Structure formats: structure tokens, C-alpha cells
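Okay, structure first, notes after.
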Amino acid sequence: MRAGLLGMGKYNPPQVVTNQDLEKRIDTSDEWIRSRTGIEERRIADDQTNTSDMAFEAAKQALESAEISADQIGLILVATVTPDHSFPSVSTMIQERLGAKNAAAMDISAACAGFMYGVVTAKQFVESNTYDYVLVVGVEKLSKITDWEDRNTAVLFGDGAGATVVGKVSGDRGILSFELGADGGGGKYLMHNKFIEMNGREVFKFAVRQMGESALAVTEKAGLAKEDVDFLIPHQANIRIMEAARERLGLPVEKMSKSVHKYGNTSAASIPISLVDDLAEGRVKDDDVIVMVGFGSGLTWGALCIKWGK
Ligand code: ACO
């Protein structure tokens, strides 16, 4: 039996910041942001809401949706580059709040590819019969490391959390293949010192190439052809990067997850947040073949091919 995703949850902070709101603060325009990125608005957490609060809400929902109680979880993995503190980890903070007393806990730092790294790690523990259930959360409060005066980065990011429970699924469902990778030589293109610093053009070039290649690689590793893929969930960083991956797979627009216009780039949270909306709105159904693909600072990347369903 393969590991698969048993349930999903998400948290989007209620505060909406539109492109028009940003026009009032920095030298930018709604037209520039939309045409270069596809983003129309983003959600920003208030001062009282930290990363662990968003992670907790998404995790609670994922447990309910998977019909798993907190004490059944063997391991909690939280992918984030914006933890509340460098220690204790966000994973231990939510372990306590969930009452997951039997769970080990650790955070993963792989930026926007973090959720892919988390799910692949969880799969190893589940398929080796080490743990029955692993909770994986992707969460970011990027607003606290964004320079709101820097138009190159301030328009791109948002806050939020997405979560899943990884466990064994039935029949031929589950994670069919995966790919993870890293190129530390590209670390200089996307860094956090005081704030996020980015060479947008270099990241863009890397992302366009890597998203397409990884999406194709996991399809082939699963023994499938491009035509067998029902749905693509790319990291929601920029619509032009997402479109490039979609075109590499030869999929029509309606077969790609798109939530970047509503939430901006929520880094490790973007793929699970987008999937929750796709499930709620009927775009993903049982037995669909789904490719998920992400890239991020590091540089890192990761992709999964999943046959959906429990
Ligand atoms: N509003 C108006 N003008 C702007 C803005 C803005 N918000 N930001 C930049 N500009 C200007 C630039 O200063 C530049 O002006 P110049 O030519 O006078 O210097 C001009 O717009 C064009 O800039 P480009 O860099 O050519 O714009 P490009 O088409 O490359 O788009 C963008 C920029 C959107 C940042 C793009 O490069 C991109 O999406 N890169 C990938 C970024 C990304 O996905 N980062 C997240 C990675 S995931 C993670 O780990 C967090």
C-alpha cells in the first residue's frame, strides 16, 4: 500500500491587501502587478497572529478532514522559513496545542518547496511502517520579513497555511513518484537577511526551467504520459511561471490550479492552500492523476505525482 494524502486543511488570514492598497504606499500599479505576476490581492496576518497560530488552524482542519485524532499522529513536520522563533520549532508548538502527545516533531527549511519536502519525508516514514500518520504543514508569515518599501518584493508575497495528513491509502491510489532537488549555487538569488532580497530575473529563469522539467520527470517516473495527467498544482508564485509548467505538460488552462490572484505567493503554504480550494470547488476528484511542483530559495525544488483519493 502506498502513502497518500488523507485529508487537507488551510488557513488564510482575513485581512485582504489589494494592489490598489499597495499603489497608495509604494511606486507601483495594479496594471504592473497583474501583468507581471497575476496577483490581484493577498492576505496578510495581523500582529496577534503568528506562524504557529496559522499552522494550528490548518492542522486542526486537516485532522478533521482525514478523520484522525491528534494522538494517532506519529510525526509532525512543519515546512516554514518564518517560524515564530528559531527555537522552539513551530512543529513542537502545534504538537502541544493539538494534544498530539505521541508525535515527534521537527521543522523543515526548504522555502517554497518545503511542502513537497515535507510530504516526501512523510511518505518514507509511512511506507516503511514507522508511523501510521504524519501531519505535514506548509506555513508562512512572509509579511514579517518583507520590506514594505521595496516594490520589487512587497507586491509578491502573502501569509497563510496549508496542511495534510499522510497515511496509507487504498488500491492503486497514493504517491506514485516524486523528485526533490537543490542547487546551493543559486542561494544568492533569493535570501533573507533583514528582509527578503531577490534577483527576480534569475529566480524567474530558474523557476520556468525547473517547474517544467520536474513536472515532466515525475510523470515519467510514475510510468505515465503527459496525456494521463488530469491536473497540475504548481507553486503559486507568478502566473507566467505557472503557465510555463502547464505548457510543458500540454494541459489546458482549466486543468491547472490557480489561486495566486487571491493569495499572492504564500511560499510553503501555496500548494496545499490551492489544493483545498480545488477540492472544495470540484476541480480535483478521486482517482485523478495530479502533479504538484514547487521551487524556492536554496535553490530548492520538489514535485509529486499522486493518484488522488484515500
Ligand atoms: N511596480 C512597478 N515597477 C516595478 C515593480 C513594481 N512592483 N517591481 C519592479 N519594477 C520595475 C523594475 O524596477 C524594472 O524597472 P527598470 O527596468 O527601470 O529597472 C521594471 O519594473 C521591470 O523589471 P523586471 O525585473 O524586468 O520585471 P519582470 O518582468 O522580470 O518581473 C518579477 C519581475 C515579477 C519579480 C519576476 O521577475 C518574477 O516573478 N520573478 C520570480 C520571483 C519569484 O517567484 N520569487 C519567489 C520565489 S519563491 C520563494 O522561495 C519565496
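Each peptide in 121-131, 1-11 gets a packing score, the mean of other Cβ atoms within 10 Å over its residues, and the list from highest to lowest is 1-11, 121-131.
With +1 assigned to the C-beta of every Lys and Arg and -1 to the C-beta of every Asp and Glu, and no other charges, what is the dipole magnitude of the chain about the Cα centre in debye, to the nearest 20? Could the numbers behind the result be given before it?
Numbers: 34 positive and 43 negative charges, 88 e Å.
Computed about the Cα centre, the dipole is about 420 debye.
Between Asp286 and Met106, what's the calculated FRET efficiency when r is the beta-carbon distance and R0 is 30 Å? Round to 0.05. That pair, Asp286 with Met106, gives E of 0.45. Seen from every direction in turn and averaged, the convex hull around the alpha carbons of segment 1-127 projects onto 9.6 nm².
Straight-line reach from Lys194: which lysines have Cα under 20 Å away, leaving out those fewer than 8 places along the same chain? List returned: Lys141, Lys144. Annotation for Arg36 and Lys310: the two label points, set 7 Å from Cα along the Cα-Cβ direction, are 4.5 nm apart.
Judged by the mean number of other Cβ atoms found within 10 Å, the most tightly packed of the peptides 22-28, 71-77 leads the ranking 71-77, 22-28.
Could you work out how much longer the chain between Glu247 and Ile145 gets when fully extended? Use 0.36 nm per residue separation minus the Cα distance between them, nm to one decimal. Walk me through the intermediate numbers first.
Details: separation 102, 0.36 × 102 = 36.72 nm, distance 3.28 nm.
Length difference between fully extended and current span is 33.4 nm.
Under the simplified labelling scheme, the Glu67-Asp47 pair shows an inter-label distance of 4.5 nm, with each label point 7 Å from Cα along Cα→Cβ.
Could you list Phe204, Phe87 in order of exposure, starting from the residue whose Cβ has the fewest other Cβ atoms within 10 Å? Before the final figure, lay out each step's value.
Values: Phe204 18, Phe87 8.
Listing Phe204, Phe87 from fewest to most nearby Cβ atoms yields Phe87, Phe204.
Ellipticity at 222 nm from helices only: DSSP H runs of n ≥ 4 in the chain, each -39500 (n - 2.57), divided by the residue count, give -10000 deg cm²/dmol.
Compared with the alpha-carbon gap, the fully stretched path from His192 to Phe87 is longer by 36.0 nm at 0.36 nm per residue.
Judged by the gyration tensor of its Cα atoms, with axes a ≥ b ≥ c, segment 142-264 is prolate; a/c meets the 1.5 cut and a/b is the larger of a/b and b/c. Mind checking which lysines have their Cα closer than 27 Å to the Cα of Lys226? Skip sequence neighbours fewer than 8 apart in that chain. Result set, ordered by chain and number: Lys123, Lys168, Lys205, Lys255, Lys258, Lys285, Lys307, Lys310.
Only the coordinates and a few stated rules stand behind these numbers; no lab work does. All figures in this text were calculated on a predicted structure; none of them were measured in a lab. All Cβ positions, even for glycine, are placed from backbone atoms using ideal geometry, and neighbour counts span all protein chains on display.
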